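K.L.:
Dumping the structure here so I can ask a few things about it.
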Amino acid sequence: ALMTGIASGAAAVVIPEVPFDEAYAVKHLQELRASGKRNLLVIVSEGVKAEDGTMYGEHLLGVLKANGIDARFVRLGHLVRGGNPTLRDRLTASRMGAMGVDLLVEGKSDLVVVELEGRLQPIEINYALVLDRMYKGKLKDGDLDKYTATEIAEMTALVEKRKAALESLAEVARALSL
């Protein structure tokens, strides 16, 4: 959602990883309208929920309308994800598949091939799942029990690096939403 917002010149982007100031966004959109901008795009990630647990995009639509902003809601979800893969997508998938086959031939299993630090590498699948839950702030009791303090520190560092990268992209999105 964040990269789509940047690429499309969205006026605002809402993702779960970066705090969103709804009041500021409404004011910003009103100012853009007043300056003559006719078509404004707001991208809302599917992962963002309103306080009542509903999809945030639908909530935001009501807020915008209540503040005099003519708005429409479109759920692109599967349409966007079902788009044609890019050359990079195809090459990455092919390389991941080849690495997966090589790992199986070597007798290795319970691994997932990931792109990390710009390189493809295999990691233990449960490690990847716990790392994902850590990133999303959804760790379960006992998730970290089988990992050493060093491994937990590495996982924490990866999570913080990813969050910093997203925050940096969010800054680009904010700067471009003129």
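The values are calculated or read from the model by the stated rules, or taken from the named source; none is laboratory data. Bear in mind that the values here come from a model prediction, so they are computed numbers and not experimental data. As a convention, Cβ positions derive from the backbone with ideal geometry for all residues, glycine included, and neighbour counts pool all protein chains shown. Calculation scope for accessible area: heavy atoms of the full protein, side chains included, ligands and nucleic acids excluded. Shrake-Rupley method; radii C 1.70, N 1.55, O 1.52, S 1.80 Å.
K.L.:
From the list 62, 100, 47, which residue is closer than 26 Å to residue 162 by Cβ, part of a helix (DSSP H, G or I) and out of contact with any Cys (no Cβ under 9 Å at 6 or more places or on another chain)? Even if it seems obvious, please write down each step before you answer.
P.N.:
Numbers: 62 fails: closer than 26 Å to residue 162 by Cβ; 47 fails: part of a helix (DSSP H, G or I).
None of the others qualify; the one that does is 100.
K.L.:
Looking at 120, 116, which is the one that is touching a helix residue (DSSP H, G or I) at 6+ places or on another chain (Cβ under 9 Å), in contact (Cβ under 8 Å) with a residue 40 or more places away in the chain and either open to solvent by less than 60 Å² (accessible area, probe 1.4 Å) or closer than 28 Å to residue 7 by Cβ (or both)?
P.N.:
On the way: 120 fails: in contact (Cβ under 8 Å) with a residue 40 or more places away in the chain.
Going through 120, 116 in turn, the sole match is 116.
K.L.:
Just to be sure before I move on: is residue 127 under 26 Å from residue 10 (Cβ atoms), touching an Asp or Glu at 6+ places or on another chain (Cβ under 9 Å), surrounded by 12 or more Cβ atoms within 10 Å (Cβ to Cβ) and aromatic (Phe, Trp, Tyr) in the structure I sent? So that I can check it myself, show each step before the final result.
P.N.:
Values: under 26 Å from residue 10 (Cβ atoms): no; touching an Asp or Glu at 6+ places or on another chain (Cβ under 9 Å): yes; surrounded by 12 or more Cβ atoms within 10 Å (Cβ to Cβ): yes; aromatic (Phe, Trp, Tyr): yes.
Taking the combined requirement at face value, the residue does not satisfy it.
K.L.:
Still on this structure, please answer the following. For the stretch 9-44, which residues satisfy the criterion of being small (Gly, Ala, Ser), surrounded by 12 or more Cβ atoms within 10 Å (Cβ to Cβ) and either part of a helix (DSSP H, G or I) or free of Cβ contacts under 8 Å to residues at least 40 places away in the same chain (or both)? Write out each step before concluding.
P.N.:
From the stretch 9-44, those small (Gly, Ala, Ser) are 9-12, 23, 25, 34-36; that's our starting set.
From what is left, the residues that are surrounded by 12 or more Cβ atoms within 10 Å (Cβ to Cβ) are 9-12, 25.
Once the filter is applied, which keeps residues that are small (Gly, Ala, Ser), surrounded by 12 or more Cβ atoms within 10 Å (Cβ to Cβ) and either part of a helix (DSSP H, G or I) or free of Cβ contacts under 8 Å to residues at least 40 places away in the same chain (or both), the stretch 9-44 yields only 25.
K.L.:
Shifting gears a bit: When you go through 138, 161 one by one, which is the residue that is part of a loop (DSSP other than H, G, I, E, B), open to solvent by 50 Å² or more (accessible area, probe 1.4 Å) and not hydrophobic (A, V, I, L, M, F, W, C)?
P.N.:
Values: 161 fails: part of a loop (DSSP other than H, G, I, E, B).
Result: 138 is the single residue among 138, 161 that is part of a loop (DSSP other than H, G, I, E, B), open to solvent by 50 Å² or more (accessible area, probe 1.4 Å) and not hydrophobic (A, V, I, L, M, F, W, C).
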